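One structure is given below, encoded as structure tokens.
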Amino acid sequence: MGRTVKASRGNKLRCRGWKQEAILRMLENNLENAEIPEELIIYGGTGKAARNWESYDKIVETLKNLDDDETIIIQSGKPVAVFKTWKNSPRVLIANSNLVPHWSTWETFHELEKLGLIMYGQMTAGSWCYIGTQGIIQGTYETFAACAKKHFKNSLKGKIVLTGGLGGMGGAQPLAVKMNHGVCIAIECDEKRIDRRIKSGFCDEKIKDIYEALNIAKSAKKEGKPYSIGVLGNCADIHPQLVQEGFKPDVVTDQTSAHDELNGYVPAGYYGDSLEEAFKLRKKDPKKYIQKSMESMKNHCNAMLDFQKNGAIVFDYGNNLRGQAKKAGLENSFDYPGFVIAYVRPMLCVGRGPFRWLALSGNPDDILKTDKIVMEMFPENKTLCNWIKLAEKHLPWEGLPARVCWLGYGERDKFALAINKMVRDKKIGPIAITRDHLDSGSVASPYRETEGMLDGSDAIADWPLLNALLNCAAGADSVHIHNGGGVGIGLSTHAGMVVVCDGTEETDERIKRVFKTDPGMGVIRHADAGYKESINVIKKTDLNNPMIK
Ligand SMILES: NC(=O)c1ccc[n+]([C@@H]2O[C@H](COP(=O)([O-])OP(=O)(O)OC[C@H]3O[C@@H](n4cnc5c(N)ncnc54)[C@H](O)[C@@H]3O)[C@@H](O)[C@H]2O)c1
């Protein structure tokens with residue numbers, strides 16, 4: 001049974017406090033922004049917010065009745081308990097998709113999912129922190145900016161970026177390329193997804209014929225005009241074809257849902273009207289579907305290697321396409337780097353990451369007022385000020401008004417306190433602060449965030465687990481541990497968090513602790529791996545690592 005869910009707005013509480021109300025609105029907001037709301041699928045292949053509608057209803061009911069000193073426990077999208085805890089404890093604790101390491105594979109996951117025992121939480125889907133495509137856009141913008149800085153004298157002007165996937169996260173690519181002044185061709189097999197990105201302002205035009213798209217892209221390149229095109233097609237068909245015909249894009253990456261060979265990636269030959277046949281095959285003969293999917297990913301990745309050989313800058317965009325291609329027999333699939341190792345790690349080393357906040361009132365003015373404050377507080381941070389101006393100019397509002405802005409250690413607590421004060425002074429309504437699981441200290445993912453760590457500690461998952469434990473101890477309002485986000489089951493461990501700014505002094509105390517512990521663990525993790533910039537942060541700040549003097 002499907003239905004439409006919209007996040008509640010305004011200042012009327014349905015719960016016993018703003019902490020619970022905020023978390024309920026965030027859950028509703030996930031569904032308001034979902035890719036397939038009727039199936040509770042929010043984004044990232046099959047990343048879900050609740051196990052089923054029965055669980056969803058019980059979560060809502062329980063949040064409405066939850067006292068200020070109680071905690072609701074969610075096991076893979078199902079509410080399983082309410083315990084009396086402390087007023088300063090988290091109100092919500094969530095564990096999604098976690099399997100004992102030896103059994104942590106898609107095969108086991110699918111068996112257990114069929115039995116109704118587990119749910120795939122992706123990153124922010126299962127922790128109710130998704131804010132739509134805008135949530136990833138600054139990361140995508142900064143990644144393309146870093147790519148431009150490294151390879152193209154600071155701008156993508158006159159450059160063509162070829163990519164795939166216009167889903168919940170991938171849909172940010174066309175706008176992020178445009179904001180870097182480049183031209184984006186994004187291949188997407190599902191016409192509805194292209195239409196959705198055009199409607200919400202993330203993509204300029206839909207074209208069904210790749211050659212027509214190439215002509216438009218080439219003339220935009222010549223004119224130096226920023227532009228984006230969503231092309232209806234399948235990457236596993238189009239990429240090899242373009243290599244053969246000698247097309248030379250400047251940058252190639254990909255955000256199809258390659259992390260999931262059954263319910264994410266769509267094999268060659270299926271797109272547009274024939275997509276239904278692929279969906280039928282998924283159900284009727286999953287083995288055959290997986291076989292086709294793996295073979296297609298091998299060819300897709302191989303074409304990306306060929307583009308690289310022909311001079312393009314190629315990077316993996318965190319969907320494990322390289323890992324899948326290797327599993328399918330493409331030995332050199334890792335010959336191009338992941339985006340974290342290529343562009344993002346220096347930011348993570350200093351605790352910089354995707355800090356996000358939502359206006360629970362539903363009023364966009366609340367966000368615009370906080371935009372102003374963040375720019376006033378950190379005028380020396382040019383990247384940040386530039387980003388806020390770009391965001392105000394280019395980003396649509398999606399669901400509850402929200403903003404993403406990468407902040408580092410020493411910045412997050414200051415800004416969060418300023419937000420809480422604005423709420424206390426009644427300048428704005430209550431705000432929920434959260435972040436992506438893709439952050440400085442909250443994830444272990446050897447094919448992505450922790451690829452190629454200096455000391456070889458890529459696969460050590462103690463760090464995100466410590467991050468979650470510490471955020472509980474410090475007083476976050478909601479804390480989450482997940483397996484498999486971004487790259488697929490068994491390949492990552494990661495944690496999420498929320499702090500609700502209700503304007504109280506008690507929340508000031510939570511903020512002072514959590515926004516130190518959360519990015520602080522990121523600095524500590526990278527310092528422990530030997531990154532000099534992280535060690536410097538420890539030496540220059542109040543961070544205390546007994547092993548570093
Ligand atoms: N880069 C990041 O920061 C980040 C963050 C989270 C997740 N991810 C990963 O990125 C991928 C995309 O995430 P999403 O939320 O956009 O997923 P999504 O499932 O919402 O969208 C994926 C899109 O890829 C399309 N697709 C699948 N196979 C295709 C093919 N062969 N050719 C063309 N289109 C195809 C689908 O139709 C869908 O629209 C996932 O693997 C996800 O795990 C990346």
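Quick notes on this structure:
- In a fully extended conformation the segment linking Glu38 and Lys327 would gain 100.8 nm over its present Cα-Cα distance, using 0.36 nm per residue.
- Proximity of backbone amide H atoms, modeled 1.01 Å from N, is registered between Leu407 and Gly353, Phe355 at under 5 Å, excluding neighbours fewer than 5 places apart on the same chain.
- The distance between label points at Leu281 and Thr85 comes to 4.6 nm (points 7 Å beyond Cα on the Cα→Cβ vector).
- Couplings 3J(HN,Hα) for the stretch 393-405, derived from phi with the Karplus relation 6.51 cos²θ - 1.76 cosθ + 1.60 (θ = phi - 60°), are 6, 9, 8, x, 7, 10, x, 4, x, 8, 9, 10, 7 Hz, where x marks Gly and Pro.
- Other-chain or far-sequence residues with amide H under 5 Å of Arg435's (modelled H): Arg356, Met497
- Estimated FRET transfer efficiency when R0 is 41 angstrom, pair Asp542-Gln308 (beta carbons, to 0.05): 0.40
- In whole angstrom, the stretch 427-490 maps to an equivalent ellipsoid with semi-axes of 26, 13, 11, each derived as √(5λ) from the alpha carbon gyration tensor and ordered largest first.
- Per principal axis, descending, Cα span of the chain in whole Å: 64, 53, 46
- Listed peptides 163-176, 246-259 by packing density, highest first (mean Cβ within 10 Å): 163-176, 246-259
- Counting every other Cβ atom within 10 Å of each residue's Cβ, Ser478, Ser89 order from fewest to most as Ser89, Ser478.
- Kirkwood-Stokes translational diffusion coefficient of the stretch 345-540, alpha-carbon pairs, 37 °C, 0.692 mPa s, µm²/s: 193 µm²/s
- Peptide ranges 383-396, 293-306 listed from the most packed, as the mean C-beta count within 10 angstrom indicates: 293-306, 383-396
- Three semi-axes of the equivalent ellipsoid, the stretch 135-337, Cα gyration tensor, whole Å, largest first: 26, 19, 15
- With K and R counted +1 and D and E -1, the other residues having a Cβ less than 9 Å from that of Val404 yield a net charge of +2.
- For the pair Lys372 and Glu54, a Förster radius of 51 Å applied to the C-beta separation gives a FRET efficiency near 0.70, rounded to the nearest 0.05.
- 10 Å-binned pair-distance histogram of the stretch 426-549 (Cα, whole percent): 13, 40, 32, 12, 2
- Taking the fewest neighbouring Cβ atoms within 10 Å as the starting point, the ordered list for Trp86, Trp406 is Trp86, Trp406.
- Candidate cross-link partners of Lys372 among the aspartates and glutamates, defined by an alpha-carbon separation under 12 Å and a same-chain spacing of 8 or more, comprise Glu392.
- For the chain, the dipole from Cβ point charges (+1 on Lys and Arg, -1 on Asp and Glu) about the Cα centre works out to 980 debye, to the nearest 20.
- Mean Cβ count within 10 Å, highest first, over the residues of peptides 308-318, 416-426, 99-109: 308-318, 416-426, 99-109
- Estimated vicinal HN-Hα couplings, Hz - the stretch 315-322 in sequence order (Karplus 6.51, -1.76, 1.60; Gly, Pro = x): 9, 7, 10, x, 10, 6, 4, 5
- One chain, two ends: Ser219 and Lys426. Fully extended at 0.36 nm per residue, the span grows by 69.4 nm beyond their Cα-Cα distance.
- Cross-link partners for Lys58 among the lysines, with Cα-Cα distance under 25 Å and sequence neighbours closer than 8 places in the same chain left out: Lys6, Lys12, Lys19, Lys48, Lys78, Lys84, Lys87, Lys114.
- The residues Phe334, Phe515, when put in order of fewest to most other Cβ atoms within 10 Å, stand as Phe334, Phe515.
- Other residues lying with their Cβ under 12 Å from the Cβ of Tyr317 contribute a combined charge of 0, Lys and Arg counting +1, Asp and Glu -1.
- Helix axis angle, 210-223 relative to the chain longest principal axis, alpha carbon, degrees: 70 degrees
- Put simply, the amide H of Asn545, placed in the peptide plane, has no neighbours under 5 Å, leaving out anything fewer than 5 places away on its chain.
- In order through the stretch 483-495: 3J(HN,Hα) via Karplus (6.51 cos²θ - 1.76 cosθ + 1.60), integer Hz, x for Gly, Pro: 10, x, x, x, 10, x, 3, x, 10, 7, 10, 7, 9
Only the coordinates and a few stated rules stand behind these numbers; no lab work does. Fair warning: this is a prediction, and the values are worked out from it, not measured in the lab. Quick reminder, even Gly has a Cβ in these numbers, built from the backbone with ideal geometry, and neighbours come from all protein chains shown.
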